[in-house]
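Since the structure comes first, as structure tokens, the remarks are kept for the end.
Just so you know, all these numbers are worked out from the coordinates, no wet-lab data involved. Quantities reported herein were computed from a predicted structural model and do not represent experimental measurements. Using ideal geometry, Cβ is built from the backbone for each residue, glycine included, and neighbour counts are taken over all protein chains shown.
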Amino acid sequence: MLSRKISIPLIIIVATVVVLVVSINQPFQRAEAIEEQELAVPQQPTQELQQAVQEEQPSIADTVAPTSDPDLPSVRIEEPTDLVRVNEILKEKINASLLQPGWVQVTKEYTSFIESEATTTVPENGQVIPRDYILEQWLLVAEDLTITVQYIRGTSLTGEEYTSTLYSKDPRWPTTETTALDTLDLPSVLETRALDDIIAMGFAGETKIEYRDEEGARLMTITTITQFPRPIGFNGWEDARVMEYAQTYFYDWETGLPHRMEELITREDGTQMLAGMSFYSTSQAIEIPTDVMLRMKVTGD
């Protein structure tokens, strides 16, 4: 009887100890379980994060231009859409393409697509210009890379001359008019001066710059748009009733050289038409043709 009374308290004590041990171990077990989960779970989010980062980063193919020469590394292409930066790059590329001692020929051929008179008169100087014309320039680049001769000749598409001007610091074609050569450079001859004017007037942000592939060349286009408060005539077409005039300049982005310029007009009724187009060509030579030299001599005299 006595032993039975003693065994009951012992059982209670043992049970109490077991409960205490279990309750003490549970927090540690939960902590271990949580730690194991934290070590195991992040693997999937980490993989997803790495995949997302890889998708956001552009591939090398997107930012690097391939080259056909296996011995040359590919170079990064810069295609900015800020007119100030574009203008700087164009000038650098034009000089890199053409600025070396010798003769440079620049030809601009303009064709009008509107019905107007065969000639127009420039109000500022009274010069008569044919509706369609070819403007040819020959420039001599000296050893110090300055331009010492500029010969300008304009003709109609049928060959009738309407202007001939010579500026020369070369003793072979002496002229008194040389001031124009003091600040003349190849980019301005290739009409980047129009871009300078756009920037100077504060309209750089209103231009549209795009890049395109055309006939195996990478071209950059600059579009400027002028809107009029009321309908106006256009290049001698008094009834054109033009409300908007857009010019798009096309440049070869590899060389910086101009390719063409397109004029698009929007009339009062909303119709659009290509009003005119200029095509440009450039070439280099050690000497100029004999007939050009003779014309220069006559113009200089």
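Per-residue extension of 0.36 nm, minus the Cα-Cα distance of Ser164 and Asp144, leaves a gain of 4.5 nm for this segment. Determine the sum of side-chain charges near Ala118: Lys and Arg each +1, Asp and Glu each -1, restricted to other residues whose C-beta is under 12 angstrom from that of Ala118. The answer is -3.
Extension gain, Glu206 to Thr183: 0.36 nm times the residue separation minus the Cα-Cα distance gives 5.5 nm. By its C-alpha gyration tensor, with a ≥ b ≥ c as the square roots of the eigenvalues, how is the stretch 83-300 shaped: rounded for a/c under 1.5, else prolate for a/b larger than b/c, else oblate? Oblate.
Under a Cβ-Cβ cut-off of 14 Å, what is the net charge of the residues other than Ala204 that fall near it, where Lys and Arg count +1 and Asp and Glu count -1? Taking every other residue near Ala204 into account, the sum is -3.
Label separation (Ile199 vs Gln284): 2.4 nm, computed from points 7 Å beyond Cα along the C-beta direction.
Annotation: extensible slack from Met277 through Thr81 equals 68.2 nm (criterion: 0.36 nm per residue apart, minus Cα-Cα distance).
A simple rule links phi to the HN-Hα coupling: the Karplus curve 6.51 cos²θ - 1.76 cosθ + 1.60 with θ = phi - 60°, which for the stretch 236-246 gives x, 9, 5, 8, 5, 6, 8, 9, 8, 10, 10 Hz, with x for Gly and Pro.
Computed from the C-beta positions of Thr223 and Glu115, the FRET efficiency with R₀ = 25 Å rounds to 0.50.
Summing Lys and Arg as +1 and Asp and Glu as -1 over all other residues whose Cβ lies under 14 Å from the Cβ of Leu195 gives a net charge of -3.
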